[in-house]
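The values are calculated or read from the model by the stated rules, or taken from the named source; none is laboratory data. Everything numeric here is computed off the predicted structure, so don't read it as measured data. Cβ atoms come from the backbone with ideal geometry, glycine included; neighbour counts cover every protein chain shown.
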């Protein structure tokens, strides 16, 4: 550690006047301090949400570690100031600062913003605004940092395209070195911002929005998106790590003082998913599945727990059960750390004999609940979305769990899926009832500890780019609420209704998320209007203000129905078509048609569907072929 | 075996609240490989208790916590191990094995030393008044409780005081029987000096925590570290 006493950007008085001052002081365990005079590039990673959320994100930990391994780079962090701090910074005219160096963000070379969900878009503008960086990329000068976006929402960057200098499409471990080296070379030559961006556009995976023009048809759909500079490729190809054993993993992750949402070690066991659920963007854009080496993972687990002092480890992946060495890894962890000293959490795990055995050993059965994600209430609907879970599997898993002592079950569903009928919607309540029925059938009266609790919750389906359902129409807020009401009434009619609970998500946020997910460049105007009207922390229900958003769309002259309520035609040019995410549009169309027919598609290991990602040369596509 | 740990909480650690400090030490123990004992039950927790929570914004030079350990090296070794995994602003000062029958720190705290440092301009305005303020036979303040407000005399709770260069040293009653928060004293002092009290206008540092020798009401005040011995 370089200095013993860091000077804070905020006075004692200010820190004492806000909620949780620890959000703004940095200095966490494993934070990296460097001498600004001894580095050549200063990079700030931003998660545009409150500290406790941002600190829970694995991606930032990976990039923070990767950047700081370079001696010539110092990577720092910044998160969204909570509204109380936002107010103080504006009133006192204090520029937003980095946590490590407590240095104004505007003095950085790069500001990298991770785009994890659409409802953080106004927070991006807050970060830029409080930093004193012009909101529009086109208005920035030589003194401003290069603003980069990356992460899942970068697969349709268009709604926020004009606020970013460039986007990084794909996984961060691949071309950042090239980008930083280019920056250093060009800065040494003094060629300036514009020339750097033009050169950067030539790096695979880098998208520079200013180098593309979008033309529209009269009906509002896109006529063409054309590069206006020779370095800008017509299609930007997603970058991904081909061999997971070759990329480093952060062995000394940051440990915050405040209790973060994820207060545990997160161990990424694989990337991608073989399942091919048709609604799932992650399942499509992170293809192909690439597993980490199980011996590497064992070693990481030990080091990570030692270096952080956490008492819990969570195995992270889109579908843990599909990791081929899962049993070996989990039993190693239980043996190495004992059944009670370290808690092991296994999200996204299929419920079967193995997972129940593991859970009974690492969790308190009486307190924990089991989670199933059938996603839809009827088999027909599950076939449409290619969710391979059958009612039989759910009920036999539940029966086994009930025998093992569990009596709480959570069920997750979506409403508003394409082709959905009233029967499909009511099927949600029927399935919940069946689960309760299985409990009373399986557990004899004398062994019951009160009533079984079956908690069902529904969210509204939002079609995402690069999924087979990307063409689907959404619904109005009123229609969504009708659907939720139908479920609620059906729940009350069930025989076991006293054991059933049901809750549903807000509909107005879903409507907006739909527009932001599939919007085009013009939607940026509405985001700016919303921000100007005071919208911030839109993913927080206590902050979300739908009326302001509606006014913003009106002021921007944009019609939500255009973005949400029409089924797009298969030959329409979509705003994200210029990105090559690996899965081809032909494959997605094929899957859309199969969805409409209700035909399921086997997973990657069962039968290759020729989705297009084989060209990357690795992962599941080549399993058993070396 | 019960051990008592003395630590400093300075610099930016003053913005870390008490609950977060507790979680911080749990992680320190695991990083440092301290062989701390755990409670029984399905969610075991480390057997550790703090002498007295330090308010948000205050620094501490003499903070204490007690732990139950299964095994333990020498005091010097454990101090070194823990300090190797400390964050900036936290430092272990000493570790002692508690004497047989010694009560937990939190049960015996009776007094605390503080240094109260006002902002320099404020100090110029109030330092002249300090002598007279402390010379009063009674200092009456309104103390708010959940239900009501009542007048209390805090003068008997001020055990000692002296002027320093740029601030005031005080020894105040602390603990479950009699307790005087330094903020309450400062509020009374500012009012006496004709100044508006601004809680952020002072830096408050807690220097040391004391218990009564022999647990007697009239017992001498001795630092909490005196209730154990160094582990060699």
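Does region A:37-45 contain any residue that is more than 10 Å from chain B (Cβ to nearest Cβ), more than 29 Å from residue A:117 (Cα to Cα) and not in a loop (DSSP other than H, G, I, E, B)?
Yes.
Please find, within region A:315-328, the residue that is farthest from residue A:303 (Cα to Cα) out of those that are touching a strand residue (DSSP E or B) at 6+ places or on another chain (Cβ under 8 Å) and either free of Cβ contacts under 8 Å to residues at least 24 places away in the same chain or surrounded by fewer than 19 Cβ atoms within 10 Å (Cβ to Cβ) (or both).
Per the criteria, the residue is A:324.
Would you please name the residue that is surrounded by the fewest Cβ atoms within 10 Å (Cβ to Cβ), looking only at residues in region A:67-115 that are within 22 Å of residue A:183 (Cα to Cα) and over 27 Å from the mean Cα position of the chain (by Cα)?
Step by step, filter region A:67-115, then rank; the result is A:71.
Among (1) over 28 Å from the mean Cα position of the chain (by Cα); (2) modelled with pLDDT of 95 or more, which single condition is residue A:449 missing?
Against the list (1) over 28 Å from the mean Cα position of the chain (by Cα); (2) modelled with pLDDT of 95 or more, residue A:449 comes up short only on (2).
Among the listed residues A:539, A:499, identify the single one that is surrounded by fewer than 22 Cβ atoms within 10 Å (Cβ to Cβ), at pLDDT 95 or above and farther than 18 Å from residue A:575 by Cβ.
A:539 is the lone residue from the list that is surrounded by fewer than 22 Cβ atoms within 10 Å (Cβ to Cβ), at pLDDT 95 or above and farther than 18 Å from residue A:575 by Cβ.
Mind listing whichever residues of region A:560-580 are in a loop (DSSP other than H, G, I, E, B) and farther than 18 Å from residue A:472 by Cβ?
A:578
When residues of region B:71-93 are filtered for being at pLDDT 95 or above and more than 23 Å from residue B:20 (Cβ to Cβ), how many remain?
5
On the given criteria, is residue B:121 assigned to a helix (DSSP H, G or I), surrounded by fewer than 17 Cβ atoms within 10 Å (Cβ to Cβ) and within 14 Å of another protein chain (Cβ to nearest Cβ)?
When the stated conditions are applied, residue B:121 passes them.
State whether one or more residues within region A:69-92 are in contact with a strand residue (DSSP E or B) (Cβ under 8 Å, 6 or more places away or on another chain), within 14 Å of chain B (Cβ to nearest Cβ) and not in a helix (DSSP H, G or I).
The answer is no; no qualifying residue exists.
Would you point out the residue of region B:14-42, among those that are more than 7 Å from chain A (Cβ to nearest Cβ) and assigned to a loop (DSSP other than H, G, I, E, B), that is surrounded by the most Cβ atoms within 10 Å (Cβ to Cβ)?
Selected residue: B:34.
Look through region B:92-116, keep the residues that are surrounded by fewer than 18 Cβ atoms within 10 Å (Cβ to Cβ) and more than 17 Å from residue B:215 (Cβ to Cβ), and return whichever of them is farthest from the other protein chains (Cβ to nearest Cβ).
Taking the candidates together, the pick is B:94.
Which ones in region A:16-27 are at the interface with another protein chain (Cβ under 7 Å from one of its Cβ atoms) and either assigned to a loop (DSSP other than H, G, I, E, B) or modelled with pLDDT of 95 or more (or both)?
Passing the criteria: A:21, A:22, A:25, A:27.
Can you say whether residue B:57 is within 11 Å of chain A (Cβ to nearest Cβ) and on the phi > 0 side of the Ramachandran plot, as far as the supplied structure shows?
yes
Considering (1) surrounded by 15 or more Cβ atoms within 10 Å (Cβ to Cβ); (2) outside any loop (DSSP other than H, G, I, E, B); (3) not assigned by TED's automatic domain parsing to the domain that holds residue A:319, say which one residue A:621 fails and leave the rest.
(3)
If a residue counts only when it is within 14 Å of chain A (Cβ to nearest Cβ) and surrounded by 12 or more Cβ atoms within 10 Å (Cβ to Cβ), which strands (runs of 3 or more DSSP E) contained entirely in region B:130-232 have at least 2 such residues?
So the answer is B:202-212.
State yes or no: is residue A:254 closer than 30 Å to residue A:26 by Cα, buried (at least 17 other Cβ atoms within 10 Å of the Cβ) and modelled with pLDDT under 95?
no
Conditions: (1) more than 21 Å from residue A:9 (Cβ to Cβ); (2) buried (at least 19 other Cβ atoms within 10 Å of the Cβ). Residue A:64 meets all but one. Number of the miss?
In the conditions (1) more than 21 Å from residue A:9 (Cβ to Cβ); (2) buried (at least 19 other Cβ atoms within 10 Å of the Cβ), residue A:64 misses (1) alone.
Let me spell it out: the conditions are (1) touching a residue at least 24 places away in the same chain (Cβ under 8 Å); (2) touching a helix residue (DSSP H, G or I) at 6+ places or on another chain (Cβ under 7 Å); (3) part of a helix (DSSP H, G or I), and residue A:521 meets all of them except one. Which number is the exception?
(3)
Strands (runs of 3 or more DSSP E) wholly in region A:205-290 with at least 1 residues that are in contact with a helix residue (DSSP H, G or I) (Cβ under 7 Å, 6 or more places away or on another chain) and touching a residue at least 60 places away in the same chain (Cβ under 8 Å) - which ones?
Those strands (runs of 3 or more DSSP E) span A:265-268.
Quick test for you: out of A:312, A:306, pick the one residue that is within 14 Å of another protein chain (Cβ to nearest Cβ), surrounded by fewer than 18 Cβ atoms within 10 Å (Cβ to Cβ) and in contact with a strand residue (DSSP E or B) (Cβ under 6 Å, 6 or more places away or on another chain).
Just a single option satisfies the conditions, and that option is A:312.
Could you identify the single residue in A:423, A:392, A:400, A:434 that is free of Cβ contacts under 8 Å to residues at least 40 places away in the same chain and either surrounded by 22 or more Cβ atoms within 10 Å (Cβ to Cβ) or assigned to a helix (DSSP H, G or I) (or both)?
Only one candidate qualifies: A:392.
I need the full set of residues from region B:73-88 which are touching a strand residue (DSSP E or B) at 6+ places or on another chain (Cβ under 6 Å) and either touching a residue at least 12 places away in the same chain (Cβ under 8 Å) or away from chain A (no Cβ under 14 Å) (or both), in order please.
B:75, B:78, B:79, B:82, B:87
Can you say whether residue A:51 is more than 28 Å from residue A:184 (Cα to Cα) and either in contact (Cβ under 8 Å) with a residue 60 or more places away in the chain or within 14 Å of chain B (Cβ to nearest Cβ) (or both), as far as the supplied structure shows?
yes
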